[in-house]
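Okay, structure first, notes after.
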Amino acid sequence: MLSIIQAAGWPIWPLIACSVLGLALIFERFLALKTARVAPPKLLDEAITVSSKAIPTPDVVNQLAQSSALGEVLASGLRTVNSNPQCSETDLRAAMEGTGRAVAHRLEKYLAALATIASAAPLLGLLGTVIGMIEIFGSQAGGGGVGQAMGGGNPAQLAHGISIALYNTAFGLIVAIPALIFWRYFRARVDAYLLTLELASEQFVRHILRLRKAVK
């Protein structure tokens with residue numbers, strides 16, 4: 001591997017940096033987008049059960065908010081009712097939607113960076129290819145120009161220029177393809193979570209409204 005890096009020349013170092021950054025982002029997103037940390041399957045039912053007879057105490061609401069992203073959204077609705085028992089349905093929905101937007105922003109964190117790596121890596125590989133070709137023709141410029149560059153000249157310099165071009169092209173694709181695959185995977189995962197949060201929030205709003213009417 002070290003010999004390949006040495007043969008590819010300096011243009012490969014930005015690609016190596018992109019690969020390290022991409023791996024770090026992928027690992028971080030795998031941890032952050034676990035189902036247990038975003039939308040536990042039974043959390044909505046548990047929240048409805050806990051608040052079936054009365055609005056829970058602030059301590060219980062805080063525990064719900066700290067459990068997951070979905071819990072944070074649901075807890076925002078309970079906090080709104082706790083702070084203002086006479087709040088309107090519009091205010092209740094606005095509070096939960098505001099928390100939902102903040103949660104959505106966190107779920108989408110670093111996805112733009114991963115998409116940028118997927119887009120930039122092939123261009124960096126192309127840059128290395130161009131630099132390699134420049135070295136090929138530049139090294140032969142003093143001995144016959146383009147014609148000699150393709151048919152004669154210094155074989156070592158010619159091989160070195162070709163190796164830079166090919167190694168950088170290949171490495172750019174090696175970095176870009178996994179980054180693109182994982183970006184699409186995480187994008188779909190976030191979209192699915194956002195739909196789950198939206199549906200759960202709507203169901204929980206109706207539950208809170210029914211509870212408030214029953215208490216009255």
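The values are calculated or read from the model by the stated rules, or taken from the named source; none is laboratory data. These numbers come from a predicted model, not from an experiment. Positions of Cβ are backbone-derived with ideal geometry, glycine not excepted, and every protein chain shown enters the neighbour counts.
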Quiz prompt | Candidate set: the stretch 53-74, residues that are assigned to a helix (DSSP H, G or I) and in contact (Cβ under 8 Å) with a residue 24 or more places away in the chain; chosen: the one nearest to the chain's Cα centre (by Cα) | solution = A69
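Does the stretch 144-159 include one or more residues that are more than 27 Å from F204 (Cβ to Cβ), assigned to a loop (DSSP other than H, G, I, E, B) and modelled with pLDDT of 90 or more? Steps first, please.
We begin by selecting, within the stretch 144-159, every residue more than 27 Å from F204 (Cβ to Cβ); these are 144-159.
Subsequent filtering for residues that are assigned to a loop (DSSP other than H, G, I, E, B) retains 144, 152-154.
Still in the running and modelled with pLDDT of 90 or more: none.
No, the stretch 144-159 has no match at all.
Between A39, A94, A121, which is surrounded by fewer than 20 Cβ atoms within 10 Å (Cβ to Cβ) and of a type in the set (A, V, I, L, M)? Explain how you work it out, then say what you get.
Details: A39 fails: surrounded by fewer than 20 Cβ atoms within 10 Å (Cβ to Cβ); A121 fails: surrounded by fewer than 20 Cβ atoms within 10 Å (Cβ to Cβ).
Unique residue meeting the criteria: A94.
Can you confirm whether the stretch 106-123 contains a residue that is in contact with a Lys or Arg (Cβ under 7 Å, 6 or more places away or on another chain) and in contact (Cβ under 8 Å) with a residue 24 or more places away in the chain? If you could, list the steps in order and put the result at the bottom.
Here is the first cut: in the stretch 106-123, the ones in contact with a Lys or Arg (Cβ under 7 Å, 6 or more places away or on another chain) are 110-111.
This time we only want the ones that are in contact (Cβ under 8 Å) with a residue 24 or more places away in the chain, so: 110-111.
Checked the stretch 106-123: at least one residue is in contact with a Lys or Arg (Cβ under 7 Å, 6 or more places away or on another chain) and in contact (Cβ under 8 Å) with a residue 24 or more places away in the chain.
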Exercise. Out of the residues in the stretch 10-52 that are free of Cβ contacts under 8 Å to residues at least 24 places away in the same chain and part of a loop (DSSP other than H, G, I, E, B), state the one that is nearest to the chain's Cα centre (by Cα).
Key: K34
Quiz item: Under the condition of being of a type in the set (A, V, I, L, M) and touching a residue at least 24 places away in the same chain (Cβ under 8 Å), which residue from the stretch 182-198 is surrounded by the most Cβ atoms within 10 Å (Cβ to Cβ)?
Solution: L197
